[in-house]
Amino acid sequence: MLRSTDRIRTTHVGSLARPPALLDLMRAAAQGQPVADSDLAEAERRAVTDVVARQRAAGLDAISDGEQTKTGFYAYIGQRLSGFEPRSGGDPLAGFRAEIDSFPEYYEQYLRSAMTGGTAVPVVPLRCTGPVSYVGHERLRRDLDLLRTAVGDAGPDQVFVCAVAPSGVGGNEYYPSQASYLDAVADALHEEYAAIVEAGFTLQIDDPFLTDVFSYGTGSVQDKLDVASGYVDAINRSLRGIPRDRVRLHTCYGINEGPRVHDAPLAELIGTLFTIEAGAFSFEAANPRHEHAYHVFETVTPPPGTVLLPGVITHATNIVEHPDVIADRIVRFAELVGRENVVASADCGFSSQATDTPEIHPTIVWAKFEALAEGARRATVRLW
């Protein structure tokens, strides 16, 4: 696992904007238009090669493929698991209903083009209607080969690959219980997770769904904890045999730019998060709703060997953070958990769906990454 042993290292959460040429091909294929495999493969190769080079040029230490080949950070999995059927007419944002209903005028405008509203490939909820198994081996192999070609001989602490958590795949209409359903999904996803690690990369599991339990779940506090525990059990089952120091866990709050008054504070879920068998944890700590999250670690000690990947730049505003602000955020965490245990990151991905209209313009994202690298340099001066 990447650690800040001699200076503050930097990374991000994963998803980055896809180039227009690739989006056009994704859209055409989704609409049933003929798309040559060679054309799509070349567009993907160029996208991954470019996004890797730009991350390195910005000064990031641990990079990804930007999820360039995926239609979305969770939507992609529908192409890799058997046993699921799309159910058109469902609401992919139903889980945020309390937030949306609190600010209906704002969200009516915002969701027309943001999040799932502006995707190149429509996001359709999936329902499990049969036995779940992993069938995405060839697509996964192509993704890993593309990334390996782009990054050369970089080691696992320098390159990570994102994959969705078991709880983010879809709804159950086949298995006798939610627990047995999550077990089946976890067993299938284990094949993807293990292949990523075997290819020489660090695995990042993306799980905003766990946080949603605390923000939007119904019932008592114990009811929420019970649901969250089931999600954690599924993740840990999917990670069996995978070294903890090759796993990052990212969680966030789903909505990007919004009032977000229903977000649960990190303090409510940190105990549950730290029961996941991951070596590093990524969470929001740079936007105005969650910048106070560092206070959690005044009373909570992470498990031994754990690395924190706090967001010190955010996807929630187009303002480019000043390097001194970034340094301040890094130092707060470093003083609480140890400088070697902090790797500076972002709150969330900057294009969680493949869309023509990412909320943070790509040119601003690269400026944010450059500010992140400079902020880490300034924090290093203060901490060493």
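The values are calculated or read from the model by the stated rules, or taken from the named source; none is laboratory data. This is a predicted model, so every value here is computed, not measured. Here the Cβ is made from the backbone with ideal geometry for all residues, glycine too, and neighbour counts use every protein chain on show. Accessible surface is based on the protein model in full, side chains and every heavy atom, while ligands, DNA and RNA are left aside. Shrake-Rupley method; radii C 1.70, N 1.55, O 1.52, S 1.80 Å.
Of note:
- Condition met for Gly254 (closer than 17 Å to Ala344 by Cα, within 17 Å of the chain's Cα centre (by Cα) and surrounded by fewer than 22 Cβ atoms within 10 Å (Cβ to Cβ)): no
- Flag if Ala346 is open to solvent by less than 30 Å² (accessible area, probe 1.4 Å), aliphatic (A, V, I, L, M) and under 21 Å from Glu67 (Cα atoms): yes
- Whichever residue in region 325-384 is modelled with pLDDT of 95 or more and among the hydroxyl-bearing types (Ser, Thr, Tyr) and, among such residues, is farthest from Pro208 (Cα to Cα): Thr380
- Residue within region 158-170 that is hydroxyl-bearing (Ser, Thr, Tyr) and closer than 26 Å to Phe281 by Cα present: yes
- Verdict on Ala367 being touching a residue at least 60 places away in the same chain (Cβ under 8 Å) and of a type in the set (A, V, I, L, M): no
- For Leu239, the stated conditions do not hold, so it cannot be described as of a type outside the set (D, E, K, R), surrounded by 16 or more Cβ atoms within 10 Å (Cβ to Cβ) and either under 18 Å from Gly171 (Cβ atoms) or modelled with pLDDT under 95 (or both).
- Condition met for Ile77 (modelled with pLDDT of 95 or more and at negative phi): no
- Qualifying residue in region 119-141 (condition: buried (at least 23 other Cβ atoms within 10 Å of the Cβ) and in a helix (DSSP H, G or I)): no
- Looking only at residues in region 304-331 that are hydrophobic (A, V, I, L, M, F, W, C) and outside any helix (DSSP H, G or I), the one that is surrounded by the fewest Cβ atoms within 10 Å (Cβ to Cβ) is Ile319.
- Hits in region 209-236 (condition: of a type in the set (S, T, N, Q), out of contact with any Gly (no Cβ under 9 Å at 6 or more places or on another chain) and buried (at least 19 other Cβ atoms within 10 Å of the Cβ)): none
- Residue in region 370-379 that is touching a residue at least 24 places away in the same chain (Cβ under 8 Å), open to solvent by 10 Å² or more (accessible area, probe 1.4 Å) and within 27 Å of Thr71 (Cα to Cα) present: yes
- Taken over region 185-208, the criterion of being in contact (Cβ under 8 Å) with a residue 60 or more places away in the chain and either of a type in the set (D, E, K, R) or surrounded by fewer than 22 Cβ atoms within 10 Å (Cβ to Cβ) (or both) is satisfied by Glu192, Asp206.
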